[in-house]
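Encoded as structure tokens, the structure appears first; notes follow it.
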Amino acid sequence: MSQRLFLKIVSDIEQHFVYFQERVDRSRKKSLAIIQKCTSAVEQLGTGNPPDNFDDYLCMAERTSRESLDHCCSAVIELYHDEYLRRSTSHDVSRLYEVHEQRHKMSGMLGSLDCTHFLWRNCPKALNGQYKISDHPYPTVLLEAIASQDF
């Protein structure tokens, strides 16, 4: 996600939702900045890491990180559902077909439905390194299911 887009989303959220507005509690302690809360939410969504991973990086407790994710997702859905979470129009689908065909040289497809890595137990040692990827310490074979819009 570009920095400009992220900051636009942060600004929109801050204007519309009290949870993200900076406050001071009874002990005169400031709440976390909106940028911290939104960064935590985006990091959790993007990496799949648990909320307690952000204690050191964002100085945020696990509970606050989890709440931030929940509130941020709800805010994005509420703010942008009319434009981005609507059902695809025929124009959208035809545009997606064109873009996918240009990029992947396969016509009539919107994209991949499922990708699953299976452990390849009998992988020849000579090919071992070719079938390892960064998030799997062992060689894998990829199974990918695809479908067209009318499927």
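The values are calculated or read from the model by the stated rules, or taken from the named source; none is laboratory data. Quantities reported herein were computed from a predicted structural model and do not represent experimental measurements. In this analysis, Cβ positions are derived from the backbone assuming ideal geometry, glycine residues included, and neighbour counts consider all displayed protein chains. With ligands, DNA and RNA removed, areas are computed over all heavy atoms of the protein, side chains included. Shrake-Rupley method; radii C 1.70, N 1.55, O 1.52, S 1.80 Å.
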- Query: Of the residues D25, D55, D82, which is more than 23 Å from Q3 (Cβ to Cβ) and touching a helix residue (DSSP H, G or I) at 6+ places or on another chain (Cβ under 8 Å)?
  - Reply: D55
- Contact list, first residue from region 111-122 and of a type in the set (V, I, T) and modelled with pLDDT under 75, second anywhere and in a strand (DSSP E or B) and surrounded by fewer than 11 Cβ atoms within 10 Å (Cβ to Cβ), beta-carbon distance below 6 Å, six or more apart or interchain, is T116/L143
- Note on the structure: Result of the Cβ filter at 9 Å on region 49-66, keeping first residues that are in a loop (DSSP other than H, G, I, E, B) and partners that are of a type in the set (A, V, I, L, M) and open to solvent by less than 60 Å² (accessible area, probe 1.4 Å), at least 6 apart or interchain, is C59/L32; M60/L32
- Message: Take the residues in region 1-31 that are part of a loop (DSSP other than H, G, I, E, B) and touching a residue at least 24 places away in the same chain (Cβ under 8 Å); name whichever of them is surrounded by the most Cβ atoms within 10 Å (Cβ to Cβ).
- Response: F17
